[in-house]
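The values are calculated or read from the model by the stated rules, or taken from the named source; none is laboratory data. Every value quoted in this text rests on a predicted model; they were computed, and no experiment measured them. Note: ideal-geometry Cβ built from the backbone for every residue, glycine included; neighbour counts use all protein chains shown.
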Amino acid sequence: MRRAELAGYRALADAAQIQAIVVGALMMRELHTRYGRDNLGFVWLFAEPFLFCMGVIVIWSVIHGRYEHGVPILAFVMTGYMPLTLWRHITMRSTHCFRANASLLYHRQVRMLDLLLARVLLEFYGTLIAYAVIGFIFWSVDLYELPRDWGLFYLGWAYMGLFGCGFGLILGSLTEMYEWLEKLVGPFMYFMLPICGVFFMVDWLPPRLQQAALYMPTVNAFELIRAGQLGPSVRTHYWLEYETFVCAAMIAVGLMLCRNVHRHLIVE
C-alpha cells in the first residue's frame with residue numbers, strides 16, 4: 001500500500017511538472033505573439049501598466065495633494081490602480097481566450113485551463129514588476145515606503161489573482177457560448193469602478209455600508225494590500241473566510257464551464 005501511495009505521488013508530481021512546462025511554453029508563445037521580437041518587445045508587458053499608473057499618480061497628486069484621509073496619496077493610488085489593472089487585463093485577455101488558441105488543443109498535454117492560466121500569470125508578473133519599478137523609483141527619492149507587512153501585502157495580491165483567474169474562467173467560457181456577452185464586458189468593468197474598492201477604503205464609508213462593501217471580493221483584496229502596505233497606521237477591514245469561499249467557488253464554476261466549451265469551439 002505504501003509503494004502504491006508513493007507511486008501515486010510520483011505520478012502526480014510528474015504530471016504537475018509536465019503541466020508547468022506546458023504553461024511556461026504557452027507564456028513564451030503569448031509573449032512573442034502579443035509583443036513580437038522587435039523594438040521593446042516583452043518590455044511592454046510591464047511598461048504599459050507602469051505608464052498608466054504614473055499618469056494616474058500625477059493627476060491624483062495634483063488634485064488631492066500628498067494625503068487623502070491621512071493616507072499618502074502615492075501609496076493609495078499604487079495599491080489601488082495596479083491591482084485594478086491586473087483584474088482588468090485578466091478580464092480582457094480571457095475574452096475568447098480559448099478560441100484564439102484552440103488549435104493548440106490538438107497537443108495532448110495542452111488543456112483549456114493552461115491557455116487561460118498562461119495569460120493570467122503573464123498579467124500577474126507584468127503588473128507586479130511594474131509595481132516594483134514604480135515603487136523603486138519613488139523609494140529612491142524618499143516618496144514611497146516599503147510595505148509594512150509583506151505577508152498581508154502578497155496575500156492581497158494572491159487573492160486578486162485568484163479572483164481574476166476565476167472571473168476569467170467564467171467569462172472566457174461564457175463568451176465562447178454566447179458571443180454577445182463580449183459586448184457587455186467593457187460597460188461592466190466601468191460600472192464596477194465606483195464599487196470595487198479602488199477609490200476608497202472601507203473605513204471611510206458610513207458604518208452601515210462597511211459590512212456591505214466587504215461582500216465585494218475586490219474590496220477585500222484591496223484592503224489586504226493596503227493593510228500590508230500601510231501597516232497599523234490606518235484601519236483596514238477584510239473578510240478572509242468570505243474571500244476564500246468566493247474565489248474557490250468562482251474557480252470551481254469556471255472549471256465546470258470549461259468542460260462544456262469544447263462543443264462550442266471551432267478549431268481551424
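Quick notes
- Criterion violated by Met201 - all others in (1) out of contact with any strand residue (DSSP E or B) (no Cβ under 9 Å at 6 or more places or on another chain); (2) under 21 Å from His64 (Cα atoms); (3) among the aliphatic types (A, V, I, L, M) satisfied: (1)
- Selected residue [surrounded by fewer than 21 Cβ atoms within 10 Å (Cβ to Cβ), within 25 Å of Leu128 (Cβ to Cβ), touching a residue at least 40 places away in the same chain (Cβ under 8 Å) and touching a helix residue (DSSP H, G or I) at 6+ places or on another chain (Cβ under 8 Å)] from Val246, Val198: Val246
- Selection of helices (runs of 4 or more DSSP H) fully inside the stretch 78-178 by the criterion of at least 3 residues being crowded, with 23+ Cβ neighbours inside 10 Å returns 112-140, 150-177.
- Failed condition for Ser233, given (1) crowded, with 18+ Cβ neighbours inside 10 Å; (2) in contact with a strand residue (DSSP E or B) (Cβ under 9 Å, 6 or more places away or on another chain): (1)
- Subset of the stretch 201-226 [more than 19 Å from the chain's Cα centre (by Cα) and not aliphatic (A, V, I, L, M)]: Asp203, Trp204, Pro206, Pro207, Arg208, Gln210, Gln211
- Failed criterion for Tyr242 (all others in (1) outside any helix (DSSP H, G or I); (2) among the hydroxyl-bearing types (Ser, Thr, Tyr); (3) over 20 Å from Val77 (Cα atoms) hold): (1)
- Residue within the stretch 252-268 that is among the charged types (D, E, K, R), in a helix (DSSP H, G or I) and farther than 30 Å from Phe98 by Cα present: no
- Residues in the stretch 222-265 that are under 30 Å from Leu146 (Cα atoms) and among the polar types (S, T, N, Q) were compared, and the one that is modelled with the lowest pLDDT is Ser233.
- For the stretch 106-124, the criterion of a residue being out of contact with any helix residue (DSSP H, G or I) (no Cβ under 7 Å at 6 or more places or on another chain), at pLDDT 85 or above and under 27 Å from Phe76 (Cβ atoms) is satisfied by no position.
- Taken together, the residues in the stretch 205-226 that are without any contact (Cβ under 8 Å) to a residue 40 or more places away in the chain and within 18 Å of Ile251 (Cα to Cα) amount to 2.
- On inspection, Tyr190 passes the criterion of being hydroxyl-bearing (Ser, Thr, Tyr) and farther than 22 Å from Ala158 by Cα.
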